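Heads up: the structure comes next, in structure tokens.
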Amino acid sequence: MQVHTIHEIDCSVDAIDPAVVEAFLDAELCDDPMLADSICALADPLVAALTPRGVYKLFNPAICTLPPKYTEPAIKLVGTLAVLHGSAAYERMAEAEHTAMAVSTVGTDEEVAALRERLVHNELDALLFDACLEALASLAAARLAEAVAADAQERGLHRGSTLETGTEDFPLSMNTTLAFFTQTEKRLGLTAAEDGTPSDRWSTWGVIGLYNTEQKKRRGCAYCHNVRTCTIRKIGMTCHGRRTRKRK
């Protein structure tokens with residue numbers, strides 16, 4: 001079973017529904033009866049000119065909570081030095097069979113800037129243009145998540161929701177880790193600064209858990225895929241804070 005292949009996914013769409021774009025606009029603008037036509041005038045050339053793409057890579061997650069290095073629960077990706085920090089990542093990945101690093105983008109800043117120069121002529125155009133890009137970025141991320149879901153299904157697993165960097169307590173700085181392990185610069189023309197700020201605004205970065213349905217329903221060490229290598233059990237504890245029973 002391959003879990004270290006970087007998968008490149010075509011995340012392009014045929015068209016953007018104006019209703020999707022309206023979700024990224026202020027309510028006052030949505031009262032305009034001609035808004036749908038105005039959106040299409042910008043969305044259609046965007047879709048024609050840009051080629052949204054994404055990458056994902058699967059890893060095996062393992063719980064790491066032992067001090068002094070890990071004073072808070074975290075998830076280590078087996079075979080790497082990567083550690084996912086924050087309680088949100090821990091709670092989602094502690095029971096996952098695999099963790100997918102997933103990054104998508106609608107295109108480079110240069111491509112977007114050229115389109116902006118050609119299509120934006122006033123303040124309303126600027127608002128609609130950005131909303132169209134937000135919608136396209138959302139659709140691209142959804143296409144990538146669908147590809148991860150299909151991969152999960154082939155493995156007899158199901159996909160969880162995407163935990164994006166910079167949301168909940170999953171730090172934006174994790175983007176540097178995602179960029180390194182999924183080769184975003186080489187494959188998407190996308191980089192992340194030291195603080196995690198992406199090189200383009202219209203990208204989505206995050207992790208997705210792949211779960212065993214039966215295991216999710218039955219909690220406990222006996223059903224955990226880390227049971228044989230668990231360092232927490234070795235000190236007589238579980239990852240939920242309970243003490244294990246010692247055999248007599």
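The values are calculated or read from the model by the stated rules, or taken from the named source; none is laboratory data. These numbers come from a predicted model, not from an experiment. Ideal geometry is used to build each Cβ from the backbone, glycine not excepted, and the neighbour counts take in all protein chains shown. Just so you know, the surface numbers come from the protein's heavy atoms only, side chains and all, with ligands and any DNA or RNA stripped out. Shrake-Rupley method; radii C 1.70, N 1.55, O 1.52, S 1.80 Å.
Where strands (runs of 3 or more DSSP E) fall entirely within region 1-113, those with at least 2 residues that are under 27 Å from Thr191 (Cβ atoms) are at 6-10, 53-59, 74-77, 98-105. For region 13-32, residues that are open to solvent by 70 Å² or more (accessible area, probe 1.4 Å) and closer than 14 Å to Leu133 by Cα total 3.
Pairing residues of region 155-177 that are closer than 15 Å to Thr99 by Cα and at pLDDT below 95 with residues that are in a loop (DSSP other than H, G, I, E, B) and charged (D, E, K, R), at Cβ distances under 8 Å and at least 6 apart in sequence or on separate chains, gives Arg155/Glu97.
Every listed requirement among (1) of a type in the set (D, E, K, R); (2) crowded, with 19+ Cβ neighbours inside 10 Å; (3) within 16 Å of Ser104 (Cα to Cα) is met by Glu185 save one, (2). When the residues of region 79-95 are narrowed to those that are within 15 Å of the chain's Cα centre (by Cα) and hydrophobic (A, V, I, L, M, F, W, C), which ends up surrounded by the fewest Cβ atoms within 10 Å (Cβ to Cβ)? Result: Ala88. Restricting attention to region 119-149, the residues that are of a type in the set (Gly, Ala, Ser) and farther than 27 Å from His85 by Cα total 3. Across region 115-129, the number of residues qualifying as open to solvent by less than 40 Å² (accessible area, probe 1.4 Å) and out of contact with any Phe, Trp or Tyr (no Cβ under 7 Å at 6 or more places or on another chain) comes to 5.
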